[in-house]
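S.K.: Take this structure, written in structure tokens, and hold onto it; I'll ask about it next.
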Amino acid sequence: MRITVKDVMTTKVASVNGSTPFKDVAEVLIAHHVSAVPVVDAEDHVLGVVSEADLLCKEEFRERYYAEGYKPPLRARLRHRLSEEGPDVRRKAAGDTAAQLMTTPAVTVPAAASAVTAARLMDEYGVKRLIVVDDDGTLQGVVSRRDLIKVFVRADADIADEIREDVLGRTLWMDTAGVTVQVHQGIVTLSGWMDRRSEAEIAVRMAARVDGVVDVIDKLQWKDDDSTWGT
């Protein structure tokens, strides 16, 4: 069973519209105990995202724009220069509504995407959450890093069943009758016999791809070491 974003996402999502005032956005974040909210139009199409960091631009850069002689710390100057966010930061620091504060476009993911795809998107864009949308960009939910961690609390018995039935029983075309599967705390141990070394290596790789697997311990043995064939 491939765990998808739909399986782990949060569907009850607080959102704001583009005209929502700064203070109201802050109140939504506090009231719902979230670090960001999607900005949507009248049809719930996602326009962008406002995060705590976006709101803090106003406080962080208040002195830069309203007091003489202030110079932001070197770390802040380098961060904004290297990320090419200078004009965007100035816009957010002066913003009064969600539309002026938001980061756009939002990093989104379809509900049918795999949990692995979501994790890779988060890593690629350096974000802690993704907005889940349908085909026309309508808000469906939010998936966070914490949601994705749910994959790793999957029951050991469920993981073992999937490896036995789907990986060894259906996916692999070779004889796996001699393979034993044990799972403890998400760590899979494969033991027993297979015909060829290459087949055993494939079985280990396929088992490692199952959602919820933390690691695979390879104790498989084989009758023929086909890695030496043709050498």
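The values are calculated or read from the model by the stated rules, or taken from the named source; none is laboratory data. Remember, predicted model here, so these are calculated numbers, not experimental data. Don't worry about glycine lacking a Cβ; one is built from the backbone with ideal geometry, like all the others, and counts go over all protein chains shown.
S.K.: Among the residues of region 27-61, how many are more than 19 Å from the chain's Cα centre (by Cα), within 18 Å of ALA93 (Cα to Cα) and not in a helix (DSSP H, G or I)?
M.R.: Of the residues in that region, 2 qualify.
S.K.: Would you check which residues across region 179-199 are assigned to a strand (DSSP E or B) and of a type in the set (Ser, Thr, Tyr) and list them?
M.R.: THR180, THR189, SER191
Residue-wise test of (1) modelled with pLDDT of 95 or more; (2) closer than 24 Å to ILE3 by Cα.
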| position | (1), (2) |
| --- | --- |
| HIS184 | yes, yes |
| VAL188 | yes, yes |
| GLY192 | yes, no |
| ILE202 | no, yes |
| VAL210 | no, yes |
| ASP226 | no, no |
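S.K.: If we keep just the residues of region 188-214 that are surrounded by fewer than 19 Cβ atoms within 10 Å (Cβ to Cβ) and among the aliphatic types (A, V, I, L, M), which is nearest to ASP226 (Cα to Cα)?
M.R.: ILE202
S.K.: Where in region 91-164 are there helices (runs of 4 or more DSSP H), lying fully within it, with 3 or more residues that are surrounded by fewer than 19 Cβ atoms within 10 Å (Cβ to Cβ) and within 10 Å of the chain's Cα centre (by Cα)?
M.R.: 115-125, 145-149
S.K.: What are the pairs with Cβ atoms under 6 angstrom where one residue, in region 15-34, is assigned by TED's automatic domain parsing to the domain that holds ASP54 and the other, located anywhere, is of a type in the set (Gly, Ala, Ser)? Sequence gap at least six, or different chains.
M.R.: Filtered contacts from region 15-34: VAL16/ALA98; GLY18/ALA98; GLY18/ALA99; THR20/ALA98; VAL25/ALA98; VAL28/ALA14; HIS32/ALA14.
S.K.: THR176 - would you say it is more than 26 Å from the chain's Cα centre (by Cα), at pLDDT 95 or above, outside any helix (DSSP H, G or I) and in the same structural domain as VAL213 (by TED's automatic domain parsing)?
M.R.: Details: more than 26 Å from the chain's Cα centre (by Cα): yes; at pLDDT 95 or above: no; outside any helix (DSSP H, G or I): yes; in the same structural domain as VAL213 (by TED's automatic domain parsing): yes.
So THR176 does not fit the description; no.
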